[in-house]
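Undergrad: My questions all concern the structure below.
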Amino acid sequence: MSDTQTPLTPAMFNVLLALADGDKHGYAVLKEVAEQTGGEVQLSTGTLYGIIKRLLADGLIVEMRRPALENDDQRRRYYHLTDAGRELALAEAERMEKLVARARTKQLIRALKPA
């Protein structure tokens, strides 16, 4: 398992979250993070690849090469969330969930109302 501990930086957590539902190449990760955060988190390519390098070194993701498909560039590297990466992302999500629950008990924020 990795040396990375929670809390993760928001950027690292968002990258792990983007990979939680399947393998993606770097540009797809950038797009998903921007979409899922409503543009609040916009990673530069330099920031993204620095994070990817760290996550690879920590064993939280692995690099995969996809075979060339009609609409795929064979130079693209795809990234896959490892079991350790999934466990760390889950631990971070649970940590944040507990923080939000504490903020609610202190009446700092109110519970979300059903739609």
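Undergrad: So, in segment 12-22, exactly how many residues are closer than 20 Å to ARG77 by Cβ, crowded, with 16+ Cβ neighbours inside 10 Å and not β-branched (Val, Ile, Thr)?
TA: Residues in segment 12-22 being closer than 20 Å to ARG77 by Cβ, crowded, with 16+ Cβ neighbours inside 10 Å and not β-branched (Val, Ile, Thr): 6 in total.
Undergrad: Quickly run through segment 18-59 and pick out the residues that are in contact with a His (Cβ under 9 Å, 6 or more places away or on another chain) and of a type in the set (Gly, Ala, Ser).
TA: If the condition is that a residue be in contact with a His (Cβ under 9 Å, 6 or more places away or on another chain) and of a type in the set (Gly, Ala, Ser), then GLY22 is the only one that fits.
Undergrad: A follow-up question, please. Looking at segment 24-42, which of its residues are buried (at least 17 other Cβ atoms within 10 Å of the Cβ) and closer than 24 Å to GLU94 by Cβ?
TA: LYS24, VAL29, GLU32, VAL33 - these are the residues of segment 24-42 that are buried (at least 17 other Cβ atoms within 10 Å of the Cβ) and closer than 24 Å to GLU94 by Cβ.
A short reminder: the numbers here are calculations on the coordinates, not readings from a lab. What you see is a predicted model, and the numbers here were worked out from it, not measured in a lab. Note: ideal-geometry Cβ built from the backbone for every residue, glycine included; neighbour counts use all protein chains shown.
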